[in-house]
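One structure below.
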Amino acid sequence: MSPIMSDILVLYYSTHGATRQMAQLIARGIDSVPGMQARLRTVPRISTVCEATESAIPAAGAPYVELADLQECVGIAVGSPTRFGNMAAPMKYFWDSTIAEWLQGTLIGKPASVFTSSGTLHGGNESTLITMMLPLLHHGMLIVGTPYSESALLSTTTGGTPYGPSHWAGTDSSQPISEAERQLCIAQGKRLAEVARQLMQGAA
């Protein structure tokens, strides 16, 4: 019989693909931890036009997140491109829809991490990461950062912060994910999964 696997939700929004690539690398780190597996999900775009709707199935990438994913996961990694030092509106819109889960305490005690991408090297990565933590803290989640024991955090000349992985995409979004950024994404996924597993074992 196959062992029962526990899911960690990797929830992202991506416009040019960089944040999606980061999500996939974080998922790789999660999947490297025995007993844990990544569940990749995204959020739909939003529009100022009330009649505008997205297809029920995204044209590319992961399926759209459902509120049931929050209940079924044992941890969450949240990623969004930087928008003026904050998360993108589609991701904020999703978290604004989780009042019922907040009232029920669905996410209390679950570990969470955050990741982001920006067009410029100092384009608000750190403030985006920190502000993405705020709704997670309101939900009672336990924030998992990136420790300086990760050597790539000390040597990176592109993205990477102790608050979570980041990527410098360039103003035309053409800059590939650097080796340091790749290492930090994978390490963050692994660390999140390990923390989630330890919390589950402690509660057993």
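The values are calculated or read from the model by the stated rules, or taken from the named source; none is laboratory data. For clarity, every value in this text was computed on a predicted model and none was experimentally measured. Every residue, glycine among them, receives a Cβ derived from its backbone with ideal geometry; neighbour counts consider all protein chains shown. The area values use the complete protein model at the heavy-atom level, side chains included, leaving out ligands, DNA and RNA. Shrake-Rupley method; radii C 1.70, N 1.55, O 1.52, S 1.80 Å.
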(request) Any chance you could count how many residues in segment 85-118 are open to solvent by less than 30 Å² (accessible area, probe 1.4 Å) and over 19 Å from E66 (Cβ atoms)? (result) 10
(message) Please go through segment 150-172 and give me each residue that is in contact with a helix residue (DSSP H, G or I) (Cβ under 6 Å, 6 or more places away or on another chain), at negative phi and in a loop (DSSP other than H, G, I, E, B), ordered by number.
(response) E150, T156, T158, G159, Y163, P165, A169
(message) Being assigned to a loop (DSSP other than H, G, I, E, B) and either at pLDDT below 95 or aliphatic (A, V, I, L, M) (or both) is true for just one of Q175, Q201. Which residue is that?
(response) Q175
(request) Note down all Cβ pairs under 7 Å where the first residue falls in segment 31-44 and is in a loop (DSSP other than H, G, I, E, B), the second is modelled with pLDDT of 95 or more and open to solvent by 40 Å² or more (accessible area, probe 1.4 Å), and they're at least six residues apart or on different chains. (result) S32/K190; V33/K190; V33/E194; V33/R197; G35/R197
(message) Pairs needed: first member in segment 84-108, farther than 21 Å from Y13 by Cα; second member anywhere, open to solvent by less than 20 Å² (accessible area, probe 1.4 Å) and at pLDDT 95 or above; C-beta distance under 6 Å; at least 6 residues apart or different chains.
(response) W102/H139; T106/L70
(message) Suppose we filter segment 182-204 for residues that are closer than 21 Å to T158 by Cβ and open to solvent by less than 70 Å² (accessible area, probe 1.4 Å); how many remain?
(response) 6
(request) Please work out which one of (1) more than 16 Å from F115 (Cα to Cα); (2) surrounded by fewer than 19 Cβ atoms within 10 Å (Cβ to Cβ) is the condition G145 fails and give its number. (result) (1)
